[in-house]
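Student: Submitted below is the structure of interest, expressed as structure tokens.
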Amino acid sequence: MEGYDILEKIGNTEIVEQYVGNDNKIAFHTPKEPVIINKATIEIINYFAE
């Protein structure tokens, strides 16, 4: 699995939504089941730094 498939899977994870703060306007989201990423590789193509 790679690329957007991974992002889609993470984005579809069920969450527990909790509102905190004085007015309960700050939202915290926690996955119902832990998300574990065993390995990540970042490939940079045509990257130029000055």
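The values are calculated or read from the model by the stated rules, or taken from the named source; none is laboratory data. Bear in mind that the values here come from a model prediction, so they are computed numbers and not experimental data. Note that we place each Cβ from the backbone using ideal geometry, even for glycine, and neighbour counts take in every protein chain shown.
Student: Has segment 27-37 got at least one residue that is among the polar types (S, T, N, Q) and either part of a loop (DSSP other than H, G, I, E, B) or in contact (Cβ under 8 Å) with a residue 24 or more places away in the chain (or both)?
Tutor: no
Student: Can you find, within segment 8-26, the residue that is modelled with the highest pLDDT among those that are part of a helix (DSSP H, G or I) and surrounded by 10 or more Cβ atoms within 10 Å (Cβ to Cβ)? Lay out the reasoning, then the answer.
Tutor: Filtering segment 8-26 for residues part of a helix (DSSP H, G or I) gives 8-11.
If we keep only those that are surrounded by 10 or more Cβ atoms within 10 Å (Cβ to Cβ) too, we end up with 8-10.
Numbers: E8: 90, K9: 87, I10: 85.
Across segment 8-26, the extreme among qualifying residues is E8.
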